[in-house]
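Worksheet for the structure shown next.
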Amino acid sequence: MTQSSWQKTSGPLKLRARLVKILVLTNLYPPHHAGTYDLRCQAITDALRLRGHSTLVATSNHGLNTEQRDEEVHRRLLLNGGYGHPLLTRFRELQEVEEHNNRVLHEVIADFQPDLVHVWSLLGLSKSLIFALRNSRLPTVYDVADGWLAEELRQDPWLRWWNAPGTNLVRTSLELAGRRNHFDVTAPTRMVKGLDRIPEVYGPPKFLANVQPDSISSFRFDRLYFCSRALKQTTEQAGFRVSHGEIIHPGIPAQHFVGEVKQPSTPVKKLLIVSPLDEPSGVMTAAQALLHLRQNNAQATLSIYGRGESDYISQLRSFVVQNSLPVEFLTVSNQNRDLAAIYRQHDALLYTAEWEEPFATVPLEAMACGLPVIGALIGGGRELFRHGENALSYTPGDPLELAARIQELQMQPVLRRQMAETAQAEVQSKYNETTVVDEIENYLNASIEVWQHT
């Protein structure tokens with residue numbers, strides 16, 4: 001990349017903005033979505049469009065009975081498994097889905113003529129599209145914010161059928177008849193001819209256990225960025241060659257989450273959790289911590305906002321009732337609209353995850369509103385929380401430690417205010433959605449430059 005491609009700004013060097021045509025490829029897209037990852041895709045795409053870039057989203061027809069097309073979104077792709085869709089495994093059914101999705105991709109590329117393809121989550125979508133994009137020779141950038149690459153790629157039924165080691169008489173007969181070469185055009189099965197089996201991806205568990213980090217050459221992702229170092233490391237440990245990937249943390253529309261940091265004299269009484277309600281959420285740990293607090297004569301209430309698994313919610317409610325805990329279960333009609341006011345009505349946020357969540361934006365929203373945060377050191381939380389500086393942290397799943405942190409927050413008002421002020425300033429400068437869009441826009445422009453010089 002030449003120096004002329006860069007220009008000085010008030011901060012680090014940034015690429016000179018160029019207006020490009022961006023094809024966005026993703027599994028779900030609002031209003032037919034399943035969580036924050038999809039909303040983030042929409043927010044970034046809308047922001048790039050507002051900056052003058054032309055965008056077209058190619059996504060699934062999830063939530064619809066047929067295809068739907070408009071000027072900005074084509075809902076034409078088919079999901080296979082996930083989000084309530086049945087998992088097809090029979091060859092003929094797989095062939096139909098794969099050929100349909102690849103045909104749609106080729107048609108959209110031919111009609112839209114993009115300068116670059118921006119790939120978001122492929123969870124539930126045909127992974128053969130990875131090979132199709134490589135064959136298209138278009139600049140392609142992957143935004144990796146969930147486990148579709150590190151975990152789900154290994155379960156893809158079409159690629160597993162073709163690439164798993166072992167004897168498969170139907171596959172052998174198709175290969176001998178030259179049919180696999182035909183499918184590599186209509187529904188790709190491999191990156192290049194001769195790479196007929198991929199045991200390091202589709203082999204038995206005992207083989208996969210010995211796969212070395214950053215070693216799998218059968219999938220190439222030249223340009224990609226991750227939402228956290230934690231997810232990048234997980235993907236490397238799964239064997240995929242992604243050590244060159246960048247880290248671009250998610251951002252939030254900080255202007256929507258504005259609040260004043262409370263004075264040290266304001267007591268910490270009202271605790272808040274905003275989370276899906278399931279076993280990995282760790283909400284039960286928070287309830288147990290609240291019980292320990294009451295046993296130590298410490299006072300606090302807990303508000304829980306979220307939906308989830310009915311059995312888990314029943315367990316939570318039973319524990320709360322049996323122990324007479326001051327816990328309130330509430331829902332919001334519009335999370336984007338109502339959450340800012342809810343944050344401001346509370347004194348502290350608890351982030352209690354007990355799974356390797358790639359990166360959570362709820363703590364960022366609470367920090368922007370001026371709330372002190374107590375966060376579990378797990379997944380992307382290890383990168384966000386710095387104990388005693390911008391938050392208090394604890395070992396996930398440890399209610400005694402969490403209870404101690406809550407008491408620490410209550411008993412150290414000066415530290416509490418300092419941490420909240422530091423966190424709020426960091427969100428406004430580093431995790432503001434505008435800053436993140438700058439980083440992504442620069443990365444997309446740089447990717448086009450790289451492609452032109454290869």
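Here are the numbers for the structure shown:
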| read-out | value |
| --- | --- |
| Single residue of Asp184, Asp214 found to be on the phi > 0 side of the Ramachandran plot, surrounded by fewer than 21 Cβ atoms within 10 Å (Cβ to Cβ) and not hydrophobic (A, V, I, L, M, F, W, C) | Asp214 |
| Only listed residue being touching a Leu at 6+ places or on another chain (Cβ under 7 Å), more than 30 Å from Gln237 (Cα to Cα) and not acidic (Asp, Glu), chosen from Ala298, Ala366 | Ala366 |
| Subset of the stretch 201-219 that is within 27 Å of Asn135 (Cα to Cα) and among the hydrophobic types (A, V, I, L, M, F, W, C) - its residue that is farthest from the chain's Cα centre (by Cα) | Val211 |
| Residue in the stretch 84-104 that is within 26 Å of the chain's Cα centre (by Cα), under 26 Å from Arg49 (Cβ atoms) and part of a loop (DSSP other than H, G, I, E, B) present | no |
| Hits in the stretch 262-290 - residues which are part of a loop (DSSP other than H, G, I, E, B) and out of contact with any Lys or Arg (no Cβ under 6 Å at 6 or more places or on another chain) | Lys262, Gln263, Ser265, Thr266, Pro267, Val268, Lys269, Ser275, Pro276, Asp278, Gly282 |
| Helices (runs of 4 or more DSSP H) wholly inside the stretch 337-413 that include at least 2 residues being closer than 20 Å to Leu290 by Cβ and of a type in the set (A, V, I, L, M, F, W, C) | 362-368, 399-411 |
| When residues of the stretch 287-311 are limited to those that are of a type in the set (Ser, Thr, Tyr) and in contact with a strand residue (DSSP E or B) (Cβ under 6 Å, 6 or more places away or on another chain), the one nearest to Val332 (Cα to Cα) | Tyr305 |
| Which listed residue, of Ala425, Ala420, is part of a helix (DSSP H, G or I) and crowded, with 19+ Cβ neighbours inside 10 Å | Ala420 |
| Checking Ala341 against (1) at pLDDT 95 or above; (2) more than 26 Å from Thr235 (Cβ to Cβ); (3) over 22 Å from the mean Cα position of the chain (by Cα); (4) not charged (D, E, K, R), the condition it does not meet | (1) |
| Filter result for the condition that a residue is surrounded by 16 or more Cβ atoms within 10 Å (Cβ to Cβ), over 23 Å from Lys127 (Cα atoms) and at pLDDT below 95, over Lys8, Lys14 | Lys14 |
| Qualifying residue in the stretch 34-49 (condition: in a loop (DSSP other than H, G, I, E, B) and modelled with pLDDT of 95 or more) | no |
| Residue match in the stretch 160-179 (condition: farther than 17 Å from Asn80 by Cβ, surrounded by 15 or more Cβ atoms within 10 Å (Cβ to Cβ) and charged (D, E, K, R)) | yes |
| Of all residues making up the stretch 313-330, the number that are in a helix (DSSP H, G or I) and out of contact with any strand residue (DSSP E or B) (no Cβ under 6 Å at 6 or more places or on another chain) | 8 |
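The values are calculated or read from the model by the stated rules, or taken from the named source; none is laboratory data. Owing to the predicted nature of the structure, the values given are computational and were not obtained by experimental measurement. All Cβ positions, glycine included, derive from the backbone under ideal geometry; neighbour counts span all protein chains shown.
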